[in-house]
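Here, each number is a calculation from the coordinates, and none is a lab measurement. Just so it is clear, the model here is predicted, and its values are computed rather than measured. Every residue, glycine among them, receives a Cβ derived from its backbone with ideal geometry; neighbour counts consider all protein chains shown.
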Amino acid sequence: MALHRPGRRPSAIDAKAQHGLRPLSLTPEDAAAPTLQLQEQHEALRALLKDGMRPADIAGQVCDAIRNDTFYIVPAQPGAELAIDTRLQDIRLRRNPTIAPRS
């Protein structure tokens, strides 16, 4: 059985990551500024994590999957299946990750 990264609850780690992937003190002085695409990816990830699923909902899906002998557990968040399909297509076509349009 595999759990495909359902939305999750915000944590202190998420709060610290609001300004980028690493602390400014660890960023090299000559580091290039993040590209617009990278900034959009970070924003999309922050939005996804902000609207995560409740642990009880995830637990219910896991229990149902065990009862039904389901190997993959896909979160029921809106757009999750489309995002998974897009990601798999990006991998198959060996292209950079597609940034989903904001709804």
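Calculated FRET efficiency, residue 44 to residue 82, Cβ-Cβ distance, R0 = 22 Å: about 0.95 to the nearest 0.05. Annotation: extensible slack from residue 29 through residue 56 equals 5.3 nm (criterion: 0.36 nm per residue apart, minus Cα-Cα distance). Per-residue extension of 0.36 nm, minus the Cα-Cα distance of residue 63 and residue 94, leaves a gain of 7.7 nm for this segment.
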